[in-house]
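Chemist: Quick one: this structure, given as C-alpha cells, is what I'll be asking you about.
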Amino acid sequence: MTDTGKALGDLSQRLSQIPEATLVELVWTLEGKRVGNHTDHTAVTLLGQFRPRLQLVRPARRMSAKRLFALPFEDMLTNAPPGKEKIIGKISRAVINPAWDLLVDKIGRTEIDQIEDEIRKIGRGAANWTTLGHRLWPQCAQALRETIVRGEKTVAYRAELIPKLGGPEMWLDLQDIADVMEIAEEIQMMRDNLPPKPIVALTDQDIAAIGNVVMAVDAKMKARAPVVVYALVARLDQPTEILSIFVRVAEKGMAGSTGELASITTEVMVTDMEQRFEDVRRSLAAGDGERKTSVREDLAKEVEHHLVGIQKGKDLLKGTSGAAAAKRLDRVRMKLKDMIAANIIENTSKEIASVLSDLKRLAPMAAGEGDIAEIQQMEDRLLALQLASKFAGDLGLTQEVKDELKRVETQIEGHTGKMFGDLRLNGLTPAQRDAIEADLFSSVRMLELVSGAERAEKTLLEGLDIIDVKIAEAANAPR
Amino acid sequence: MDAAVSKSFWAPPTFAERGASVPFTTPIIVGARVRGRNKDLELVVPNPSGAKGNYILQWKSLPEVFTLSVHDRVLHRAIGEAMASNPSAVRKATLKTAATGLAGPAAAKQAKAVLKEEEDFKLLIQFSLLSETVAQLSGGQLQITLAHVQSDTGRQQAKLILARVAHKVKLEGNELYAMIESWADHIGALGTPKLPKAPRLRKMRNRIDEFANSIGSWAEIDRSESAQLGGLASLVARETASLAAEHFATVDALLDNFESTLGKWEKNQAELARIADRISWMLDGWDLLVAMWEDAVMKPPYEQQATVQELARILPIVPEEEVSGARREKARDIGVQRRKMVKPMEDWISGSIDPELRTRLERYKAKAA
C-alpha cells in the first residue's frame, strides 16, 4: 500500500457515512485536481476508494474529452487482468488510454482542445452529452476504422501498434470500440433511457426505448446490431434476462434484427455468466474481502444469485439449438459447487471446535473492549452454511451441508453439555458468574444459527436455571 | 391471534399511544412498539399480513403468536420485567440484552461502548454546567476543572467553590450542586451546543437531517415507484428534525443566563424534564431507519428501492396531538400520504425466521445502538 493509501486507512468503510452533497463536492474537487495533475496520488487514491459509491450515487462527474469518448461503452468495461483471452462483449479498461492517445494523434490536438473547451463551458450543468458526442464519436469511429483497416492490410503496422495498445487482445478490444463508436449515439441514447446498472426489471417504456434503438441501428448499420446486445447484457443484473427482453421487444413489433442474433445473444449471455464467476473467484483469490466480516455470507448470497440466473438461462435454452450453451452453464454451476464446498462447507466444524475451546475469552460479553473479529468470522461461517443449505440441492450438496450442520450442532451441544455437567458437579461462585454466562450466551447464539431459536432457547433456560440454583446453593452453604 | 386491528397506526394521536420502538431482530415484528395499557403492556405491530393497519397484542402473548429469535425472547422478558413503556426504559433493556451477544458480536460490542460513552457524557456535561455556573456567577473570577467531577474529593472541593457563588441565586452550595446534577441528568442525552462531541439525541437529530438530505436527493433521481416514498421519508425526517431543533433551542436557551435559570429552577426543571422527554419520544425509532438507509446507500438501486419500501412502513410520524397549528395540518397530511403509498411488504412476512433478514436487522442494530 502507498503512503497515501495507508494514511487514508479504512476510509472505504466509512464511505456510506459521507452525506451525498459532501461526496458530490469532494468528487468534483478531486477530479479537478486530477485533471491538472495525473500523478496526484491523494486524488487518484481517494477517487479509487470512492468508486463503489460513485456507481450508486452517480454524481455529476467532471467530464473530459477522453471520458466522453468512453461513455457509450462504459458498462462494457472490465478489469480482467491483461493477457487474458478476449472476452466477447467486454472491453478492457486498460485499452482506453492507448486508444485515446491514438485518437488524439489522428483527430488532432486542436479539435480535442476545442471539445475540451466546450465541455468546460457546460461546467456542472446536467448536460446532454449525446449532443457533444455527436461531434466526437463519428470522428473517433472514422479514425479507429481507418487504423483497423490499415492494421489488417499491413502486418508491419499492426505489429507496431499491438505493443502500444498492450497486447493482441487489446487489438481485438480496439475493434470492439470502433464498432461501438459507429453507433455510439444510438447506444448512448439507450443508456440514457434505461435505469442505471444493474438493471433488475424493465418497464414497457424501457422495452420501447430498447426497441427504438434496435430499429435505429438496423437502419443505420445492421452489422453493428450485436453491439446493442453487448451493451444491454453488460447493464443487466442477470444476463439471462436478455432472452426475455428480446421476446418483449418482438411483441412490440420492434424485433428488427434481434431474431437473427440468437446465437450471438446466447454466446454473450453465457460468457457474461462465466465472467461473473471469474470475478467472484478472482476476488476470493485476491483476499479482497479480508477485512470484511461477511466474506463467506456474501459469497453464499452471490452464488445463490448466480444459480438463479443459470437456471433461468437453462430453462430459456430448452428446446432451442442452445445445447452447447446449456452445457457451458452447467460447467459454471460445477465450478460454483466446488467453490461452495471449499469455502463454505469444508472445515467449518473444525474451526467451530477451535472457537468453542476458547469461548470464555472470545465471547462478546467477556471480551471487554477487545477484538470480536474471531467470533465474527465464526458467525460468518455459520450464516454462510445456513444460506448454502437453501440452494445446496441445486448443486448436489444437500447431504454435505446437512452433515456439516449436524457436526457443528453436535460440537456446540457437547460444549454446553460439558459446561452444565461441570456446573452441576462443581457449582460456581458469584465471581465466576459473568464468565460462565458469557460462555453460555455465545454458545446459545451459535446453536441458534445452526439449529434455530427453539432449541437454542431451551439450552439457554437450562443453563441459566443451573447457574441460579448453584449460586443459591453457594450462598446458603455453611461458611 | 389474540389481537385487535387498530386504525390509529397510521396517525396515532399521542406519543404514548404510538408506543416506544423496540428493536427486535425477528423480521416479522420489525418496527413494533410497546405501550402501557391498564397496568400492563401491549405490543403494537404493523399488520403481519402486510395489509394496512396494525395489530395490538398483549405483551405476554408475543412469544405464543410469533416465532422469535432468542435475542427477542430475552428482550421480551427484560422489557416485561421492567414494565418498560417509554424510550428510555426500553433502551436500558435493549442495551442490556444486546450486550449478551445474542444479536451478534457487533451489536454486543456497540452496546458496551454506548453504555461507557453515556457515563463519560454524564461527567462531561456535569463538568460543563459546573464550570459555566461558576464562571457566570463569579464573573469569571473562579474556575472549576475536570478533576472536580472525577472523584469524591474533587466533588467536595467543587461544592466549596460553588458555596462562594451560591448566594447570587440565594442558595447554599450543596443546593446549587444538587440542581446542577439534576440539570446534567436531564440533558445527559441532549448535551449542550458547546460540547466537543454531541451525545446520543443531539447526534440523532443531526443524523435525521442528513438522512432527509440523502434520501431526498436519491428520490429526485430514482425512477421507480419507491421514489415517492423516498420523498415522503425525507419530508417526515425534515419535519421531525426541525421540530426537534426547536426543542433543542429551548433547552439550550437555559444556558444563556445561569442566574435566571437557577433562580427559577423549580419551574425550569419541570420544563426541562418535559422537553427532554418529548425529544426522546420524537426521535424514538429513527435510529433503525437511519441505519437501514446508511446500509442501503452502498447497495444497488433495486436494493435501495426495497429498503425505502421497508422503511416507509415504519416511519415514525409525529402524532397530530403533539403538535399544533400548521404543523398539525402537515402531520395529518403526511399520515394520509403514507396510507395511500405504502404497500404490503411480503419480504418481511414469513412464519419462520429468515436468517438473512435477521442478520440484516442485527447489522442495523449494531449501527443504531
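The values are calculated or read from the model by the stated rules, or taken from the named source; none is laboratory data. Computed from a predicted structure; not experimentally measured. A quick note on method: Cβ atoms are made from the backbone with ideal geometry, for glycine too, and the neighbour counts reach across all protein chains shown.
Chemist: If you check B:L289 against the conditions, is it in contact (Cβ under 8 Å) with a residue 60 or more places away in the chain and within 11 Å of the chain's Cα centre (by Cα)?
Modeler: no
Chemist: Those residues that are within 13 Å of chain B (Cβ to nearest Cβ) and over 24 Å from the mean Cα position of the chain (by Cα), I need them from region A:391-411; list them, please.
Modeler: Of the residues in region A:391-411, the ones within 13 Å of chain B (Cβ to nearest Cβ) are A:391, A:405.
Hit for region A:391-411 is A:L405, nothing else.
Chemist: Sticking with this structure for a sec: Of all residues in region A:446-469, which are in contact (Cβ under 8 Å) with a residue 40 or more places away in the chain, closer than 20 Å to A:E297 by Cα and not aliphatic (A, V, I, L, M)? Reasoning before the result, please.
Modeler: Within region A:446-469, the subset in contact (Cβ under 8 Å) with a residue 40 or more places away in the chain is A:446, A:449-451, A:459, A:462-463, A:466-467.
Now narrow it down to the ones that are closer than 20 Å to A:E297 by Cα: A:446, A:449-451.
The answer is A:S451, and nothing else.
Chemist: For region B:78-132: of the residues being more than 27 Å from B:D252 (Cβ to Cβ) and of a type in the set (D, E, K, R), which is surrounded by the most Cβ atoms within 10 Å (Cβ to Cβ)? Outline the logic, then answer.
Modeler: Step one: filter region B:78-132 for residues more than 27 Å from B:D252 (Cβ to Cβ), giving B:78-85, B:93-94, B:96-112.
After this cut, where a residue has to be of a type in the set (D, E, K, R) as well, the list is B:81, B:96, B:109, B:112.
Numbers: B:E81: 9, B:K96: 15, B:K109: 24, B:K112: 19.
Once the filter is applied, the top-ranked residue is B:K109.
Chemist: Oh, and also: Can you tell me which residues in region B:263-295 are at pLDDT below 90 and more than 14 Å from chain A (Cβ to nearest Cβ)? Before you say what the answer is, go through the steps one by one.
Modeler: So the first thing to find is which residues in region B:263-295 are at pLDDT below 90, and the list is B:263, B:294-295.
Scanning region B:263-295 gives a single hit, B:G263.
Chemist: Could you tell me whether any residue of region A:206-217 is surrounded by fewer than 19 Cβ atoms within 10 Å (Cβ to Cβ), within 22 Å of B:P300 (Cβ to Cβ) and at pLDDT below 90?
Modeler: No, region A:206-217 has no match at all.
Chemist: Collect the residues in region A:196-232 that are in contact with a Gly (Cβ under 6 Å, 6 or more places away or on another chain) and either within 14 Å of chain B (Cβ to nearest Cβ) or among the aliphatic types (A, V, I, L, M) (or both), keeping them in residue-number order. Write out each step before concluding.
Modeler: To start, the set of residues in region A:196-232 that are in contact with a Gly (Cβ under 6 Å, 6 or more places away or on another chain) comprises A:214-215, A:218, A:230.
Selection gives A:V214, A:M215.
Chemist: What residue, of A:V469, A:V450, is in a helix (DSSP H, G or I) and either touching a helix residue (DSSP H, G or I) at 6+ places or on another chain (Cβ under 8 Å) or at positive phi (or both)? Don't jump to the end; show me each part of the working.
Modeler: Numbers: A:V469 fails: either touching a helix residue (DSSP H, G or I) at 6+ places or on another chain (Cβ under 8 Å) or at positive phi (or both).
Criteria check complete, one pass: A:V450.
Chemist: Out of the helices (runs of 4 or more DSSP H) lying entirely within region A:63-155, which hold 3 or more residues that are farther than 30 Å from A:P195 by Cα? I'd like the intermediate steps shown before the answer.
Modeler: On the way: elements: A:65-70, A:96-107, A:109-122, A:129-153.
Result: A:96-107, A:109-122, A:129-153.
Chemist: If I ask for residues that are within 18 Å of A:A178 (Cα to Cα) and among the β-branched types (V, I, T), which ones from region A:217-274 would you list?
Modeler: Within region A:217-274, A:V217, A:V227, A:V228, A:V229 qualify.
Chemist: So which residues in region A:429-458 are at the interface with chain B (Cβ under 9 Å from one of its Cβ atoms), over 16 Å from B:T97 (Cα atoms) and not charged (D, E, K, R), if there are any at all?
Modeler: Within region A:429-458, A:L447, A:L449, A:G452 qualify.
Chemist: Related question: Take the residues in region A:133-173 that are touching a residue at least 24 places away in the same chain (Cβ under 8 Å) and surrounded by fewer than 16 Cβ atoms within 10 Å (Cβ to Cβ), then tell me which one is nearest to A:M63 (Cα to Cα).
Modeler: A:H134
Chemist: When you scan region B:192-206, do you find a residue that is under 20 Å from B:L288 (Cβ atoms), part of a helix (DSSP H, G or I), charged (D, E, K, R) and without any contact (Cβ under 8 Å) to a residue 12 or more places away in the chain, even just one? Walk me through it before giving the result.
Modeler: Applying the first criterion (under 20 Å from B:L288 (Cβ atoms)) to region B:192-206 yields B:198-206.
Remaining after also requiring part of a helix (DSSP H, G or I): B:200-206.
Still in the list and also charged (D, E, K, R): B:200, B:202-203, B:205.
In the following step, the residues that additionally are without any contact (Cβ under 8 Å) to a residue 12 or more places away in the chain were identified as B:203.
So far as region B:192-206 goes, yes, one or more of its residues are under 20 Å from B:L288 (Cβ atoms), part of a helix (DSSP H, G or I), charged (D, E, K, R) and without any contact (Cβ under 8 Å) to a residue 12 or more places away in the chain.
Chemist: Right, next: Mind listing whichever residues of region B:320-355 are of a type in the set (D, E) and modelled with pLDDT of 75 or more? Full working, then the answer.
Modeler: If we filter region B:320-355 for residues that are of a type in the set (D, E), which is where we start, we get B:320-322, B:329, B:333, B:346-347, B:354.
Matches in region B:320-355: B:E320, B:E321, B:E322, B:E329, B:D333.
Residue-wise test of (1) within 14 Å of chain B (Cβ to nearest Cβ); (2) surrounded by fewer than 17 Cβ atoms within 10 Å (Cβ to Cβ); (3) assigned to a helix (DSSP H, G or I).
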{"site": "A:H306", "(1), (2), (3)": "no, no, yes"}
{"site": "A:G309", "(1), (2), (3)": "no, no, yes"}
{"site": "A:D315", "(1), (2), (3)": "no, yes, yes"}
{"site": "A:A324", "(1), (2), (3)": "no, yes, yes"}
{"site": "A:K327", "(1), (2), (3)": "no, yes, yes"}
{"site": "A:R333", "(1), (2), (3)": "no, no, yes"}
{"site": "A:N343", "(1), (2), (3)": "no, no, yes"}
{"site": "A:S349", "(1), (2), (3)": "no, no, yes"}
{"site": "A:D380", "(1), (2), (3)": "yes, no, yes"}
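Chemist: Let me ask something else. Going by the structure shown, is B:A103 under 20 Å from A:V444 (Cα atoms), assigned to a loop (DSSP other than H, G, I, E, B), among the hydrophobic types (A, V, I, L, M, F, W, C) and within 13 Å of another protein chain (Cβ to nearest Cβ)? Even if it seems obvious, please write down each step before you answer.
Modeler: Working: under 20 Å from A:V444 (Cα atoms): yes; assigned to a loop (DSSP other than H, G, I, E, B): yes; among the hydrophobic types (A, V, I, L, M, F, W, C): yes; within 13 Å of another protein chain (Cβ to nearest Cβ): yes.
Yes: the conditions hold for B:A103.
Chemist: Conditions: (1) within 14 Å of the chain's Cα centre (by Cα); (2) away from every other protein chain (no Cβ under 14 Å). B:N206 meets all but one. Number of the miss?
Modeler: Failing condition for B:N206: (2).
Chemist: Go through region B:10-48 and give me each residue that's modelled with pLDDT under 80 and surrounded by fewer than 24 Cβ atoms within 10 Å (Cβ to Cβ). Steps first, please.
Modeler: To start, the set of residues in region B:10-48 that are modelled with pLDDT under 80 comprises B:10-12, B:46-48.
Passing the criteria: B:W10, B:A11, B:N47, B:P48.
Chemist: It is to be established whether one or more residues within region A:108-127 are surrounded by fewer than 19 Cβ atoms within 10 Å (Cβ to Cβ) and on the phi > 0 side of the Ramachandran plot.
Modeler: Checking region A:108-127: at least one residue is surrounded by fewer than 19 Cβ atoms within 10 Å (Cβ to Cβ) and on the phi > 0 side of the Ramachandran plot.
Chemist: May I pose another question? Mind listing whichever residues of region B:58-72 are surrounded by fewer than 22 Cβ atoms within 10 Å (Cβ to Cβ) and outside any loop (DSSP other than H, G, I, E, B)?
Modeler: If the condition is that a residue be surrounded by fewer than 22 Cβ atoms within 10 Å (Cβ to Cβ) and outside any loop (DSSP other than H, G, I, E, B), then B:Q58, B:W59, B:K60, B:S61, B:P63, B:E64, B:V65 are the ones that fit.
Chemist: May I ask you to verify whether B:L115 is farther than 28 Å from B:A270 by Cβ, within 14 Å of chain A (Cβ to nearest Cβ) and of a type in the set (A, V, I, L, M, F, W, C)?
Modeler: Judged against the criteria, B:L115 is a match.
Chemist: Can you find even one residue in region A:367-383 that is polar (S, T, N, Q) and within 34 Å of the chain's Cα centre (by Cα)?
Modeler: yes
Chemist: Residue by residue through region B:296-319, note down the ones that are at pLDDT below 85 and within 14 Å of chain A (Cβ to nearest Cβ).
Modeler: Scanning region B:296-319 gives B:V297, B:M298, B:K299, B:P300, B:P301, B:Y302, B:E303.
Chemist: Within region A:174-267, considering only helices (runs of 4 or more DSSP H) that don't extend past its boundaries, which have at least 1 residues that are farther than 16 Å from A:M76 by Cα and without any contact (Cβ under 8 Å) to a residue 60 or more places away in the chain?
Modeler: Working: elements: A:184-193, A:204-221, A:225-235, A:241-251.
Those helices (runs of 4 or more DSSP H) span A:184-193, A:204-221, A:241-251.
Chemist: May I ask you to verify whether A:A388 is surrounded by 20 or more Cβ atoms within 10 Å (Cβ to Cβ), assigned to a helix (DSSP H, G or I), away from every other protein chain (no Cβ under 13 Å) and within 24 Å of the chain's Cα centre (by Cα)? Break it down into steps so the answer makes sense when it comes.
Modeler: Details: surrounded by 20 or more Cβ atoms within 10 Å (Cβ to Cβ): yes; assigned to a helix (DSSP H, G or I): yes; away from every other protein chain (no Cβ under 13 Å): no; within 24 Å of the chain's Cα centre (by Cα): yes.
No.
Chemist: Which is buried (at least 17 other Cβ atoms within 10 Å of the Cβ), closer than 21 Å to A:R331 by Cβ and either within 13 Å of chain B (Cβ to nearest Cβ) or touching a helix residue (DSSP H, G or I) at 6+ places or on another chain (Cβ under 9 Å) (or both), of A:E186, A:E267? Before you say what the answer is, go through the steps one by one.
Modeler: Details: A:E186 fails: closer than 21 Å to A:R331 by Cβ.
Just a single option satisfies the conditions, and that option is A:E267.
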